[in-house]
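The values are calculated or read from the model by the stated rules, or taken from the named source; none is laboratory data. The structure presented is a predicted model; accordingly, all values stated were derived computationally and were not measured. Backbone-built Cβ (ideal geometry, glycine too); neighbour counts: all protein chains shown. These accessible areas exclude ligands, DNA and RNA; they are computed on the full protein's heavy atoms, side chains included. Shrake-Rupley method; radii C 1.70, N 1.55, O 1.52, S 1.80 Å.
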Amino acid sequence: MQVLVSVLQFLFVIAFAVTSFAETTPPTMKAIVIHEYGGPEVLKYEDVPRPEPKEDEILVRVIAAGVNPVDGLIRSGMFAKDGNRAFPIILGGDIAGVVEKVGSKVTKFKASDPVFAYVSLDDSGGYAQYALVTESEAALKPKSLTYVEAAAVPIVALTAWQALIDTAKLSAGETALIHGGSGGVGIFSIQIAKARGAKVIATASTLNQSFLKELGADVTIDYTKQKFENIAKDVDVVLDSVGKDTLARSYGVVKKGGFVVTLVARIDQAELDKHGIRGASLSVKPDSNELVEIGKLIDEKKIKVIVSQTFPLSEAVKAQEQVATGHTRGKIVLKVADEPK
């Protein structure tokens with residue numbers, strides 16, 4: 001009998017220890033992390049601690065994450081001097097998923113809400129099974145989109161919106177020249193400008209000329225065969241996502257009082273003064289209210305979302321290598337989990 005009691009006590013102690021260990025061990029998740037700056041090979045698929053939301057944060061179970069050129073720039077260390085993020089770093093600014101948990105001060109969202117968001121570069125990123133966002137970064141997912149499609153929207157759509165609407169103040173009846181019309185930002189820029197009632201001239205390679213028309217461009221320019229300045233004259237707004245020579249040649253096609261917005265270079269004030277125009281270099285910011293407006297246009301069928309390829313989360317290296325070619329039509333998205341039923 002004494003032996004039996006001892007065995008039961010021993011089993012109880014083991015069970016208690018296992019339970020205590022399980023309670024004190026934080027839950028983990030799969031994520032793509034970097035432990036150093038470098039090429040695509042520094043991306044590692046690992047188990048990491050699952051984040052917990054602070055009182056003003058939302059924990060999102062990620063279904064899909066968008067892949068953007070800026071992800072590769074961060075990975076390479078280009079912005080290392082601008083921030084103090086400690087390794088390991090989880091990349092990825094675009095997510096779509098389901099709210100798992102909300103902080104005590106969150107009022108706009110509740111558990112199980114379908115959302116999409118631009119995760120600011122200060123937080124843990126979207127290449128993971130869970131991500132943290134704030135109310136100012138997230139909006140309810142457009143009803144007409146899958147989670148994969150929704151993950152292709154935030155950064156590029158907000159960039160287009162903030163460039164054309166907030167910065168250049170594009171209005172109905174004006175003409176916009178969109179460089180790189182078949183890229184991630186270009187696709188949304190053409191459609192947002194058209195929804196605004198503007199005339200759109202867009203540039204792309206030979207293969208993408210008909211695609212530009214499908215998006216709504218009024219005039220298409222094949223930059224491999226034509227000089228855009230021979231066709232686009234006296235435009236109200238130029239949106240440049242190419243830089244270098246393309247930007248340098250763009251100042252001369254803008255009418256007096258018009259606007260040049262560049263996403264990839266420093267604006268040349270001397271050129272602005274010379275032509276009597278205005279301009280700005282844009283750095284996109286998360287904005288939940290603008291995501292709501294973009295979502296409305298999507299659900300009203302005024303904007304369509306183009307996803308060219310999807311990769312599983314574990315193949316983020318391949319996804320970033322494809323984006324780095326600079327010749328992707330639309331967006332590349334990482335599938336993190338199955339779409340909820």
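Annotations for the structure displayed:
- Solvent-accessible area, 1.4 Å probe, carbon plus sulfur percent, for region 239-321: 49 percent
- Under the span-like rule (Cα at least 24 Å along the axis, Kyte-Doolittle mean at least -0.5), DSSP H helices of the chain: 2-24
- Simple spin-label estimate for residue 324 and residue 112 in nanometres, 7 Å along Cα-Cβ: 4.3 nm
- Of the solvent-accessible surface of region 143-228, computed with a 1.4 Å probe and all protein chains present, 53% belongs to carbon and sulfur.
- Shape category assigned to the chain from the gyration tensor of Cα positions, a/c cut at 1.5: prolate
- Peptide packing: for 61-74, 93-106, the average count of neighbouring Cβ atoms within 10 Å per residue gives the ranking 61-74, 93-106, highest mean first.
- Extension gain for the segment residue 41 to residue 285, taken as residue separation times 0.36 nm less the Cα-Cα distance, is 85.0 nm to one decimal.
- Cα centroid separation, region 238-268 to region 291-341 (Å): 27 Å
- Region 72-171: chymotrypsin sites (Phe, Trp or Tyr not before Pro) in DSSP loop, at most 15 other beta carbons within 10 Å: 79
- Remark: the residue 219-residue 172 segment gains 15.3 nm on full extension, using 0.36 nm per residue and subtracting the alpha carbon distance.
- Protection-proxy order for peptides 221-228, 133-140, each taking the mean of Cβ atoms within 10 Å per residue, highest first: 133-140, 221-228
- Among 154, 114, 88, residue whose mean-square fluctuation peaks in a GNM of the chain (springs only between Cα atoms under 10 Å): 88
- Among 264, 284, 237, the largest mean-square fluctuation in a Gaussian network model of the chain, built with springs joining Cα atoms closer than 10 Å, belongs to 264.
- If the segment from residue 245 to residue 78 were pulled out straight at 0.36 nm per residue, it would be longer than the present Cα-Cα gap by 57.9 nm.
- Cα-based shape type of region 189-341, given that a ≥ b ≥ c are square roots of the gyration tensor eigenvalues and the cut on a/c is 1.5: prolate
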